[in-house]
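Working notes for the structure below.
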Amino acid sequence: MTDSGPVTDNGSWLIKGVTILASGQQGDEPTSILIDGGSVTAIGPDLDHPGARTLDAGGLIALPGLVDLHTHLREPGREDAETVETGTAAAALGGYAAVHAMANTDPVADTAGVVEQVWRLGRTAGHCDVQPVGAVTVGLGGARLAELGTMADSAARVRVFSDDGRCVSDPLLMRRALEYVKAFDGVIAQHAQDPRLTEGAQLNEGEMSARLGLAGWPAVAEEAVIARDCLLAAHVGSALHVCHVSTAGSAEIIRWAKSKGWRVTAEVTPHHLLLTDELAAGYDPVFKVNPPLRTEADVAELRRALADGTIDCVATDHAPHPVEAKESEWAEAAFGMTGLETALRVVQRAMVDTGLLDWAGVADRMSVRPARIGRLTGHGIPPAAPAEAVTTAGASKSRNTPFAGMELPGRVVATFLRGVPTVLDGKLA
Ligand SMILES: [Zn+2]
C-alpha cells in the first residue's frame, strides 16, 4: 500500500482466517485483517466491522504487496509486445503492488518528459504503481550521461537509473553516474555484461554451447563488470545495484563487496533460480534470455546467496516479446522471458518448497527489500496482499514464458493496492 495515487475506493474489507507470514509479523495462527480507508487498520482473531466486505482466506497466507525492481513494460514504442495497461495487469495477477519500469523504451526514458509519461500511464492503468527507471546515458548510447537530475526532480521522482538491456561499460561514465546520483540518494542499476566478451553470444559458454555450436556468453563477462563496479561504488561512496545476477562467481564477488560494507545490492530472477542451460538442448528460443541460463552449480549458489541475503531480492526481468520475435531460429530470436505472473510460484518452488527460505523470507526478498532499494515509500510494509502464491489468468500481451505447462505450486488469490482489491479470486477485480 502507498500514500498516493489514483485508487480512491475506500470501502472496507475484512480478510478472514488468513495466516500472516511476513517479515516481523510471523505467526502460525489464522487471524483476520481489517482494511479500512485505504490501509490495514486492525489485525486480530475476532475482528468485525459493520458494512465490511468479507474475503474468506482460510488456508491462505498474507504477504505484503510484491515489488518488482525490473520490469519491461515496452510502452512507449513496442505496444505490440506489452503496454503499461497489460503489463501492470499481469503484475497485479502475480501479486505485485508496484513495478519499476525499465528505460529501454522507444523513445528511451532518458528525459523528464518520457519518465513522466510512463508514470502517468501507470496511474491511469491503476493495477499497480509504476515507478519509472531513468536511463543512465542518452538514448542508451553509452556515450553521454542522460539528464539524471531533471528526471529525479520530475513528477516521476526517479531514483533508480539503468541502461538495462545494455551495459554501461565505460568505466569513467559509470563513475560519473555513481557520483551524480549521490546528491539525491539515487542508485545505478547495472546490466553487467562486457560487450566485447559477449559479441554474438547466444547462451552460456560451456558444454552446452559447444555441443550446440552456438557462441558462448562466458560467466567472466558478467563477473568482471560486477567486480569493477563494486570497486567504483566503493571509491566514490555511492550505491550500486546489480541486475539479474546469474553466476556463482558473481554472488561471491557481491558477498565480498558487502563484507567490506560497500553500498552494493543485487537481484536474481526467478528463471535463474530454477532453469539451467540444459534446456537449450532442444533449440527452443523460449529459453533464450540475457544473461543466459547457467549451470546447475550456478543455480544452487544463486539460491544459497538469496537465502543468506547476499542477493537482496528477486526481480522478474519481465521481458515480453511478440510471437514473431521468439518463434524463429535460436540465433535470430529475441532475448527475454515474461515473468510477472509466475514469479511468486517459481520462488515458492525454488526456495520455499526446498526449505531454503520461509514465507517471511519471501516477503523480505520480494517486497520489503526491493521497496527499499527502489526508494519506494508506502510499499514493502507487511501485510498488504493476501496471497497463497500464484496466478490463474494470463494478462501479459506476450506469451514468451518458459514456465508454460510446468507444474508450479500455489496461486495468487487476491491483491490489494491502497486497500482496494486489484485481483479477487485470481482474476482482475
Ligand atoms: Zn538486463
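At a glance:
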read-out	value
Hey, D28 open to solvent by 20 Å² or more (accessible area, probe 1.4 Å), over 19 Å from H127 (Cβ atoms) and modelled with pLDDT of 85 or more or not	no
Selected residue (criterion: most open to solvent (accessible area, probe 1.4 Å)) from residues of segment 123-163 that are in a strand (DSSP E or B) and among the aliphatic types (A, V, I, L, M)	L145
Among (1) buried (at least 17 other Cβ atoms within 10 Å of the Cβ); (2) farther than 15 Å from R294 by Cβ, the one test that T198 misses	(2)
Positions within segment 287-298 being of a type in the set (V, I, T) and surrounded by fewer than 21 Cβ atoms within 10 Å (Cβ to Cβ), in sequence order	T295
Where a residue in segment 307-321 is over 23 Å from M102 (Cα atoms) and its partner, wherever it lies, is more than 14 Å from the ligand (Cβ to nearest atom) and of a type in the set (D, E), with Cβ under 9 Å and at least six apart	G309/D364; T310/E252
Selected residue [within 16 Å of the ligand (Cβ to nearest atom), among the small types (G, A, S) and out of contact with any Phe, Trp or Tyr (no Cβ under 9 Å at 6 or more places or on another chain)] from A201, A112, A192, A143	A192
Residue check, E267 in a helix (DSSP H, G or I), in contact (Cβ under 8 Å) with a residue 24 or more places away in the chain and under 22 Å from E296 (Cβ atoms)	no
Residue match in segment 179-186 (condition: within 16 Å of the ligand (Cβ to nearest atom) and among the aromatic types (F, W, Y))	no
Residue within segment 305-328 that is over 21 Å from G426 (Cα atoms), open to solvent by 20 Å² or more (accessible area, probe 1.4 Å) and at pLDDT 95 or above present	yes
Residue in segment 279-286 that is in contact (Cβ under 8 Å) with a residue 24 or more places away in the chain, crowded, with 17+ Cβ neighbours inside 10 Å and under 27 Å from L240 (Cα atoms) present	no
Residue among P50, P45, P64 that is farther than 24 Å from N290 by Cα, open to solvent by less than 10 Å² (accessible area, probe 1.4 Å) and not acidic (D, E)	P64
Tally, over segment 405-418, of residues that are open to solvent by 10 Å² or more (accessible area, probe 1.4 Å) and either within 17 Å of A350 (Cβ to Cβ) or not in a loop (DSSP other than H, G, I, E, B) (or both)	6
Number of positions in segment 77-122 that are farther than 16 Å from T338 by Cα, in a loop (DSSP other than H, G, I, E, B) and acidic (D, E)	2
Top-ranked residue in segment 247-292 [being of a type in the set (D, E, K, R) and within 22 Å of H321 (Cβ to Cβ); ranked as farthest from the ligand (Cβ to nearest atom)]	D284
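The values are calculated or read from the model by the stated rules, or taken from the named source; none is laboratory data. Just so we're clear, the structure is a prediction, and the values are computed from it rather than from any experiment. All Cβ positions, even for glycine, are placed from backbone atoms using ideal geometry, and neighbour counts span all protein chains on display. We work out accessible area using only protein heavy atoms, side chains counted, and drop any ligands, DNA or RNA first. Shrake-Rupley method; radii C 1.70, N 1.55, O 1.52, S 1.80 Å.
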